[in-house]
Amino acid sequence: MSSRFRPVFGFAFLLGSALALTQCGGGSSPTSPAPVVENPIPVTTTPPITSPDPAVETPTGPPVIPAPGNASTTVSVMGDTGWCGSPALAPIATLFGRLDGDILLAGDLAYPGGTAAEFRDCFDPSFGKFKSRIRATPGNHEYVASVSADSYFTYFGDRSGPNRLGYYAFREAEWTVLMLNSNVPISKTSAQYAFVRTTMQQAPTRCTLAVMHHPFDSSSLNGPTPSLRDIWELMYNLGADLVIAGHDHVYERHSPVSTDQRRDDVKGIRQMTVGTGGAPLYGRVRNAANSELLISTYGILRLKLDPALYEWQFLDTTGNVLDRGVTVCH
């Protein structure tokens, strides 16, 4: 399979032309069942651990974000992988080998406890060779064996951000990417909240992507994460466009929403859950108000990040495209 991103029916070209003209500023070992697709909603235009609050922390200093590189780039995203014996690991590794670009990991990367042995035996054999392309953020399983997620930070090193905080920012082409840690304090009084605010205010870009483990809302087993309301409100007010989560072992696409989970196609943030990296799959257990599509199969999300829009494709482990679309940034 070519590493070239397959266009979304030429729609990205039309959007790009218009923008140019207007100068728009655990359990048992998992198996590989057939994909289960629920409630598909076609997209043609702009479609789209609960943690106790801490004492006030001292914010970190302003982030240092490298200057932008190419005008656009493509990344691969998934979470909830590193499950020894999963049939998804080998084909996903093959996909990564065929596809270019950075790999963004949304937590729960070595089951069940995030130990050094589990990273060595369950994650590294399939994905260790891609470490130089990886940007990681931790999930709750990274904190099971160690309250400081020591094995996770030791394994990924600088690919997990500085100072073992688990949250950091970097530039992908013309996009700001926030890698957030939803396992540690993230409310208004936290250093992480201050970091996000400083990053988005002092190094603004038109388009912003955030990756974290826990979903703000979900139709699957683990459900919503109300403790993310503060950070969602902050990102909403500062113009973030897209959030990628894991935690629930499904692919779920939501419409863009405001802080109170009302659909907002003008300013709303779209969430995609991609907990499809190899842990046993879940299904739908509730109907999140703004869920557009839920697929229960293993795979990865490909994102093409252009200066003023993004395209997405959800690929199963054989490379077939099960969902695709395009959205203009705010």
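The values are calculated or read from the model by the stated rules, or taken from the named source; none is laboratory data. Just so we're clear, the structure is a prediction, and the values are computed from it rather than from any experiment. For neighbour counting, all protein chains shown are included, and Cβ atoms are generated from backbone atoms with ideal geometry for every residue, glycine included.
Here are some notes:
- If you go through region 190-208 and keep only what is over 18 Å from the mean Cα position of the chain (by Cα) and not in a helix (DSSP H, G or I), you end up with Ser190, Ala203, Pro204, Thr205, Arg206.
- The number of residues in region 209-230 being assigned to a loop (DSSP other than H, G, I, E, B), surrounded by 22 or more Cβ atoms within 10 Å (Cβ to Cβ) and hydrophobic (A, V, I, L, M, F, W, C) comes to 2.
- Among the residues of this structure, Ser187 counts as one that is outside any helix (DSSP H, G or I), farther than 21 Å from Ile300 by Cα, in contact with a helix residue (DSSP H, G or I) (Cβ under 6 Å, 6 or more places away or on another chain) and small (Gly, Ala, Ser).
- Annotation note: Cβ proximity below 9 Å between a residue of region 226-238 that is of a type in the set (Val, Ile, Thr) and a residue that is in a helix (DSSP H, G or I) and modelled with pLDDT of 95 or more (sequence gap 6+ or interchain) occurs for Ile231/Gln192; Ile231/Tyr193; Ile231/Val196.
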